[in-house]
Structure formats: C-alpha cells, structure tokens
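Since the structure comes first, as structure tokens, the remarks are kept for the end.
Computed from the coordinates by the stated procedures, all read-outs in this text should not be read as laboratory data. The shown structure was predicted, so the numbers you read here are calculated from the model rather than taken from an experiment. As a convention, Cβ positions derive from the backbone with ideal geometry for all residues, glycine included, and neighbour counts pool all protein chains shown.
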C-alpha cells in the first residue's frame with residue numbers, strides 16, 4: 001500500500017516545525033547573550049562615568065592648587081621687588097599677607 005499524501009505532508013510539516021523550534025531556540029540564546037552583553041556594557045559605562053567624575057574632581061583640585069600657587073608666586077615676586085627697592089615696610093606687609101595665604 002502506498003503512503004498517503006497526507007502522511008507525507010505531516011512528515012514535512014513536522015520537519016518544518018522542528019526546524020522552527022531549533023531556530024527559535026537559537027534566537028532565544030542569542031537574545032539572552034545580547035541581554036547579558038547589554039548588562040555588561042551598562043556596568044562598564046557606569047564605571048567609566050564614575051571615573052570621569054573622579055577625574056573632574058581631581059582636575060578641579062589641581063586647578064585650585066595651581067591658582068593658589070600663582071597667587072603665592074605673585075606675592076613672592078612683589079616681596080622681592082619691594083626688598084630690592086628698599087621698601088621694607090611694604091615687604092613686611094606682603095610677607096604677613098603671604099603667611100595667611102599659605
């Protein structure tokens with residue numbers, strides 16, 4: 001007895017269903033990997049943002065320190081100039097002011 005057409009169609013349909021199930025399983029695994037990578041990337045971005053904030057704080061601190069150094073140097077040069085010119089009272093005032101800055 002020859003196989004019925006319906007039986008052959010069922011076989012092909014089952015094969016297609018199995019193929020679709022395999023593809024769906026692969027897609028699910030791919031989606032899971034993508035989610036894991038996204039989580040990893042988010043964590044890395046958060047760490048980079050935190051490091052960026054820390055660097056900004058350090059840059060601001062260095063900038064403030066550089067500004068204070070510039071002010072101190074300006075006072076020191078004025079003290080030297082006052083001493084050179086023999087203006088010791090001005091040099092004393094500047095020295096006194098410099099002590100408060102330091």
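In this calculation the C-beta distance from residue 31 to residue 61 is compared with R0 = 41 Å, giving a FRET efficiency of 0.35. Computed from the C-alpha gyration tensor, the three semi-axes of the ellipsoid equivalent to region 54-102 are 30, 10, 4 Å, from longest to shortest.
Taking 35 Å as R0, compute the FRET efficiency from the Cβ-Cβ separation of residue 38 and residue 16 and round it to 0.05. FRET efficiency, residue 38 to residue 16: 0.65.
For the chain, the relative contact order comes to 16 percent (Cα pairs under 8 Å, sequence separation of at least 6).
Ordered by the number of other Cβ atoms lying within 10 Å of each residue's own Cβ, fewest first, 39, 95 fall into the sequence 39, 95.
Taking the chain as a Gaussian network of alpha-carbon nodes connected by springs under 10 Å, the highest mean-square fluctuation of the residues 58, 36, 11 belongs to 11. Between residue 101 and residue 68, how many nm apart are label points set 7 Å from Cα along the C-beta direction? Calculated label separation equals 1.2 nm.
Would you compute, from DSSP H runs of 4+ residues alone, the mean residue ellipticity of the chain at 222 nm, taking -39500 (n - 2.57) per run and dividing by the full residue count, rounded to the nearest 500?
Value at 222 nm, helices only, nearest 500: -34500 deg cm²/dmol.
Taking 35, 12, 22 in turn, the Gaussian network model of the chain (Cα-Cα springs below 10 Å) assigns the largest fluctuation to 12. Would you mind checking the tilt of helix 88-101 against the longest principal axis of the Cα atoms of the chain, expressed as 0 to 90 degrees and rounded to 10? Approximately 30 degrees, to the nearest 10. Compactness check for region 8-101: Cα Rg over 2.2 N^0.38 Å is 2.89.
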